[in-house]
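Below is one structure, written out as structure tokens, with a few remarks after it.
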Amino acid sequence: MKVIKTKFKGLIIIQKKKFDDNRGYFLELYKKKIIKKNLPFTCISYSKKNVIRGLHLQRKKTQAKYISVLKGKILDVVVDLRKKSKTFGKTFKIVLSEKNSKSLYIPEGFAHGFCGLEKENYMLYSCSNYRDKDSEVGIIWNDKNLKIKWPKSKVIISKKDKKNISFSEYKKNY
């Protein structure tokens, strides 16, 4: 495993080594000695092509997340919402896929979202804290101030995510 730092403090890309042969492959997904974080809550997310989920975060019981794609390909997007950070309000995007064997570690204080780029997209994400629905907040995926360039195709958004607040509302209320 190789750790690649980003300009965002604590946000890292993990390039995993895949061992391929004629039977398939073997891949080490996570090593605590590299991430140095306890991640007791693990989920699987399945999304079809053009599904956008996010931008989600928990305010009170914050979560760090370790994101990996088991099958398919996603455009993964994070927004730094740590008010004292030099990169507050800035976005980071990366393509994660089964083929490129990259994972993303997102520290607490970031909103997270993604878009499915293939017909079937299976994600595994491990979190440093359990889900707390009373602590959840979302920023609208297409907020003009964030200038996130999502895929141009017709996107699929949940009813819940369509009701997410703007980045300006987030800054004013949180």
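We did not get these values from a lab; they are worked out from the coordinates using the rules stated. Since the model is a prediction, treat every value here as computed from it, not as a measurement. Neighbour counts run over all protein chains shown; Cβ positions are idealised from the backbone, glycine included.
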Within segment 92-115, whose backbone N sits under 17 Å from a point 7 Å along Cα→Cβ of K86?
92
From phi via Karplus (6.51, -1.76, 1.60), per-residue ³J(HN,Hα) for segment 61-73 in Hz, x at Gly/Pro:
9, 4, 10, 8, 9, 10, 9, 9, 9, 8, 8, x, 7
Starting at the first residue of segment 32-42, write each ³J(HN,Hα) from the Karplus equation 6.51 cos²θ - 1.76 cosθ + 1.60 with θ = phi - 60°, in whole Hz, x for Gly and Pro.
4, 5, 8, 7, 6, 9, 7, 10, x, 10, 10
